[in-house]
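Down below is the structure, laid out as structure tokens.
The values are calculated or read from the model by the stated rules, or taken from the named source; none is laboratory data. All values reported here derive from a predicted model rather than from experimental measurement. All Cβ positions, glycine included, derive from the backbone under ideal geometry; neighbour counts span all protein chains shown. Areas reflect the complete protein model, heavy atoms only, side chains present, ligands, DNA and RNA absent. Shrake-Rupley method; radii C 1.70, N 1.55, O 1.52, S 1.80 Å.
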Amino acid sequence: MRLRDFTIYDMICRNADIQADREALVYGEIRLTHREYKRTCDRAAAGLAKAGIQRGDRIAVVAQNSDLFVILCGAAAKIGAIVVPINWRFQIGEIEYILQDCTPKALFAGSEYQAAATEASRRAPSIEILYAMSPDPNLETFQPFETIFTEDAADREFDIPAETGFVIIYTAAVEGTPRGALLSQGNVIATNMQIMAQNRVDTKTSHLCLLPLFHIAALSTTMAVMHAGAKNVIVDRFDPVLA
């Protein structure tokens, strides 16, 4: 860590040290403490690196909210990859445009979006591998997400400065097409501190993530709650009874 640098992965490691046994992530019956979340991110980061994902490479995601979505964000932060969350309401042509524009090396898709993702990816030559964000991919072309996890080199350290890109959020259409806005890890850390201060977020906070994680509001709040060493409760999409 450089002088005055504090990255998203540093944040995850700090939580694992000082909030180790507090719950970090809840998704259905899945409950991960901060220590378990860090270790899961380490294993996923090792798998991404093994698959050839490097600092600056883009990872596109078109999927509903899930624990795997948040784990993928942590793993990408560790190795310096850039997450590109895609609005799952987009039509195939819109998904295709974003994939051609951000040139991702990997594409992760939920089961209900795999057909559209496959069609769009055919016109995005940068994509080298497709991963399913569900345990039962319905297309043979998708690798199960679980294949990413590995203990091999899970403790490897990466020299990732805070200026490294973390996420590309596609903005409202300008002249007919959206534009990707890059946020660095340092940008996210600074935003976290503002959200924490304004909303009095602390270790006792529980955040029910109802908004889609492809939206900056959901992603920013989730990261701020994580920064505080608090709990993120993730749901696929809003359901009043479940909430």
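Per-residue ellipticity at 222 nm for the chain, helices alone: DSSP H runs ≥ 4 residues times -39500 (n - 2.57), over residue total, nearest 500 deg cm²/dmol?
My calculation for the chain gives -11000 deg cm²/dmol from helical runs alone.
What is the gain in length, in nm to one decimal, between A181 and A51 on full extension, counting 0.36 nm per residue of separation less the C-alpha to C-alpha distance?
44.2 nm
Separation of region 11-26 and region 116-133 by C-alpha centroid, Å?
Between the Cα centres of region 11-26 and region 116-133 lies a distance of 33 Å.
For region 1-95, what are the per-bin percents of Cα-Cα distances with bins 5 Å wide, up to the bin holding the maximum?
Final binned percentages: 3, 13, 20, 21, 19, 14, 6, 3, 1, 0.
Taking the chain as a Gaussian network, Cα atoms linked when under 10 Å apart, which of G47, G176, G74 shows the biggest mean-square fluctuation?
Its mean-square fluctuation being the largest, the pick is G176.
Translational diffusion coefficient, Stokes-Einstein: compute it for region 1-56 using the Kirkwood radius over C-alpha pairs as Rh, at 4 °C and 1.567 mPa s, and state it as an integer in µm² s⁻¹.
Working: Rh = 12.5 Å.
D, rounded to a whole number, is 104 µm²/s.
As I understand it, the value is the acute angle between the Cα axis of helix 67-79 and the longest principal axis of the Cα atoms of the chain; what does it come to in degrees, rounded to 10?
That helix lies at roughly 80 degrees to the long axis.
Give the calculated FRET efficiency between T103 and F238 to the nearest 0.05, with a Förster radius of 35 Å applied to their Cβ-Cβ distance.
Given R0 = 35 Å and the Cβ-Cβ separation, E is 0.60.
With the full set of protein chains in place, find how many percent of the accessible area of the chain is carbon and sulfur; take the probe as 1.4 Å.
Answer for the chain is 50 percent, counting heavy atoms of protein chains only.
Helix 92-102 sits at what angle to the longest principal axis of the chain, using alpha carbons and giving 0 to 90 degrees rounded to 10?
Result, in degrees: 60.
Which one of A172, A228, A218 has the biggest mean-square fluctuation once the chain is modelled by GNM with Cα springs under 10 Å?
With Cα springs under 10 Å in the chain, the top fluctuation among A172, A228, A218 is at A172.
In Å², what does the accessible area per residue of region 26-137 work out to with a 1.4 Å probe?
Counting only protein heavy atoms, the per-residue value for region 26-137 is 37 Å².
Which of these, T141, T221, T118, has the largest mean-square fluctuation under a Gaussian network model of the chain (Cα springs below 10 Å)?
Maximum fluctuation in the GNM of the chain, among the listed residues, is at T141.
Just to verify a number: what accessible area does T103 come out at with the full protein assembly present, 1.4 Å probe, Å² rounded to tens?
60 Å²
Over the heavy atoms of T205, what accessible area does a 1.4 Å probe trace out, to the nearest 10 Å²?
Spelled out: T205, probe radius 1.4 Å, area about 30 Å².
With the calculation restricted to Cα positions, what are the radius of gyration and Dmax of region 45-157 in angstrom?
When restricted to the Cα atoms of region 45-157, Rg and Dmax are 13.0, 40 Å.
Could you grab the relative contact order for the chain? Cα pairs under 8 Å, six or more apart, rounded to a whole percent.
Here the relative contact order equals 23 percent.
Between R89 and E29, how many nm apart are label points set 7 Å from Cα along the C-beta direction?
Calculated label separation equals 3.3 nm.
Residue farthest toward the positive end of the dipole of region 1-149, with Cβ of Lys/Arg at +1 and Asp/Glu at -1: which of F108, A49, I129?
A49
Binned at 5 Å from 0, what are the whole-percent values of the Cα-Cα distance distribution for region 128-243, short to long?
P(r) over region 128-243, rounded to whole percents: 2, 9, 13, 13, 19, 21, 14, 7, 2, 0.
Hey, what does the equivalent ellipsoid look like for region 55-103, semi-axes from the Cα gyration tensor as sqrt of 5 times each eigenvalue, largest first, whole Å?
Over the Cα atoms of region 55-103, the ellipsoid semi-axes are 20, 15, 4 Å.
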